[in-house]
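One structure is given here, and the rest of the page talks about it.
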């Protein structure tokens with residue numbers, strides 16, 4: 001009797017998990033089919049704006065640098081007082097840690113509440129803007145990030161934890177690499193989210209939903225990134241999967257070569 005009860009609970013749990021995954025497939029299909037890249041980026045910013053975990057006092061902020069970040073910084077071989085630009089700086093976790101290590105840091109992030117939190121806790125330049133604004137500012141088009149890139153080239157640049165995944169197109173990622181090549185004279189650290197693709201019935205639900213939405217006139221681009229699909233993560237927003245091999249190819253087009261890399265739940269790499 002006890003074993004039947006246990007089997008029943010486990011079967012119910014498996015059914016609930018599969019149902020949740022199918023809902024996720026429908027959610028991804030709906031959001032990524034009907035919303036264009038600008039709308040997805042705005043939705044992502046809105047999701048982050050409600051999260052205090054990335055600002056001072058939050059649990060993620062309190063962790064300081066992750067192990068992979070410390071390993072990557074060792075590979076970057078920065079000199080004392082190096083000028084470091086941090087993209088996707090959030091509430092300033094990386095900025096605070098890098099400043100404590102003796103580096104002169106500046107940063108940018110598209111989420112205004114997080115930028116304001118970083119400014120409140122740190123006496124370093126932090127501006128509101130994303131990677132699209134960074135690319136535009138480096139190209140000479142005036143915006144909120146122009147002052148950050150107007151001076152001498154930086155000694156290094158850090159694309160904050162998972163932040164490059166929010167650049168949803170390959171062309172956009174290539175533009176970031178090209179802009180960084182112009183703005184930075186030293187190494188570049190990038191990081192992406194390697195969100196697992198949907199499988200089984202959840203994948204079929206997503207595929208069928210996308211086909212139905214296209215027939216209804218949806219103009220969003222559901223495909224993008226490695227694995228043939230973008231994902232929407234409730235706490236993170238819209239992301240594209242970029243594997244290490246794809247990052248290497250896009251970086252090479254701007255003259256970067258990889259010195260170090262790790263591909264696990266996320267992808268991290270240092271280019272020089």
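When the helices (runs of 4 or more DSSP H) confined to region 101-212 are screened for residues that are over 30 Å from residue 57 (Cβ atoms), those reaching at least 2 such residues are found at 131-138, 146-149, 170-183. Against the numbered list (1) farther than 24 Å from residue 19 by Cβ; (2) out of contact with any strand residue (DSSP E or B) (no Cβ under 9 Å at 6 or more places or on another chain); (3) at pLDDT below 95, residue 194 comes up short only at (2). Criterion first (more than 23 Å from residue 253 (Cβ to Cβ) and touching a residue at least 60 places away in the same chain (Cβ under 8 Å)) does residue 150 satisfy it? Spelling it out, it is not the case that residue 150 is more than 23 Å from residue 253 (Cβ to Cβ) and touching a residue at least 60 places away in the same chain (Cβ under 8 Å). The one condition from (1) in contact (Cβ under 8 Å) with a residue 12 or more places away in the chain; (2) surrounded by fewer than 21 Cβ atoms within 10 Å (Cβ to Cβ); (3) more than 24 Å from residue 251 (Cβ to Cβ) that residue 142 does not meet is (1).
The conditions of being at pLDDT below 80 and farther than 25 Å from residue 159 by Cβ are met by residue 206. Scanning region 75-96 for residues that are out of contact with any strand residue (DSSP E or B) (no Cβ under 9 Å at 6 or more places or on another chain) and outside any loop (DSSP other than H, G, I, E, B) yields a single hit, 93. When region 80-94 is examined, which residues are found to be surrounded by fewer than 24 Cβ atoms within 10 Å (Cβ to Cβ) and touching a residue at least 60 places away in the same chain (Cβ under 8 Å)? Those that are surrounded by fewer than 24 Cβ atoms within 10 Å (Cβ to Cβ) and touching a residue at least 60 places away in the same chain (Cβ under 8 Å): 82, 83.
The values are calculated or read from the model by the stated rules, or taken from the named source; none is laboratory data. All of these numbers come straight from a predicted model, not from anything done at the bench. No Cβ is skipped: glycine too gets one built from the backbone with ideal geometry, and neighbour counts run over all protein chains shown.
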